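First up is the structure itself, then whatever we jot down about it.
Please treat every number below as a calculation from the coordinates, not as lab data. In this text, all values refer to a predicted model and were calculated from it rather than measured experimentally. With ideal geometry, Cβ positions are generated from the backbone for all residues, glycine too; neighbour counts draw on all protein chains shown.
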Amino acid sequence: MSRRVDDRGARFGAAAWILSLQFFLVQGIVQAAWTTPFSLAHNMISDLARETCGLLSRSPSIEFACSPWHALMNASIMANGLLIPLGAWLTRRRWPLNQLVTVSLAMIALTGPGHLMVGLWPSDTGPTMHLLGAGSILALGNPGMVLAGIASWRQRRSGAIASMALGLAGIAGTLLFLSETGFGIGLGGMERVAFYPLTIWCGIQGALLIREHRRGELVEPGARSV
């Protein structure tokens, strides 16, 4: 009975991570509601969540930002502030039992408050809290994925490769974004390279856990990595 309950919790956690992909769908919906020009290269993700309309000076073609459905964008960000920690908590026993996994999942879970801060304080009305929240997501999420990959390398090779690749991409994107280097994709594009990997990681890990469950390949509760 305890195994069935545990597996059910892990499935819920994996589903929570997969549901975090709603972030990308909502971005498309909110972007489509814009009546002013929008550029993935020059507009930031946070422009979609602006509560006010205002001038921008990032590109000759991007002079004004106004997001009619900003409330939906902020709700999506805050939803991930709940879904990501929930997935980390509920799937913990489906990962190898070692301290590095515990640390990495804790780092990923702790991006939850950052998501909530970003959603509660949009960049135009609460810039300081918004930056603190966004910074915590980058500082915890990207290194956390790298550590998760290292910690699970022997038990989940495909998931570990995805973790390390996404984490390193996010770290590189963060450093380039902070140095205001667009590398041909603009600062808006580079910001997405920095922030998107965590959500993509959640979707991939959730799908892998569901597949493992269906194939009966789950790591036994309490299994320790060597």
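Points worth noting:
- Full-extension gain in nm, THR36 to LEU120, via 0.36 nm per residue minus C-alpha separation: 27.8 nm
- Exposed-site-free run, longest, the chain (rule: GluC sites (Glu not before Pro); DSSP loop; at most 12 other C-beta within 10 Å): 1-179
- Virtual spin-label span in nm between ILE161 and HIS213, 7 Å along Cα→Cβ: 2.5 nm
- About the centre of its Cα atoms, the chain shows a dipole size close to 1160 debye [charges on the beta carbon of Lys, Arg (+1) and Asp, Glu (-1) only; nearest 20 debye].
- Volume in Å³ per residue [convex hull over Cα atoms, computed for the range 100-226]: 112 Å³
- Rounded to two decimals, the Cα-based Rg/Rh of the range 2-215, with Kirkwood Rh, is 1.00.
- Within the range 189-208, backbone nitrogen closer than 20 Å to the virtual label 7 Å beyond the Cα of LEU25 toward Cβ: 196-208
- Separation in nanometres of the label points that stand 7 Å from Cα toward Cβ, at CYS53 and LEU175: 4.2 nm
- Cut-off of 10 Å, at most 13 other beta carbons, DSSP loop: longest stretch of the chain lacking such trypsin sites (Lys or Arg not before Pro): 1-153
- Dipole-positive endmost among LEU25, THR36, ALA148 within the range 20-155 (Cβ charges, Cα centre): ALA148
- Kyte-Doolittle at least 1.0, axis length at least 20 Å by Cα - qualifying DSSP helices, the chain: 70-91, 127-151, 157-178
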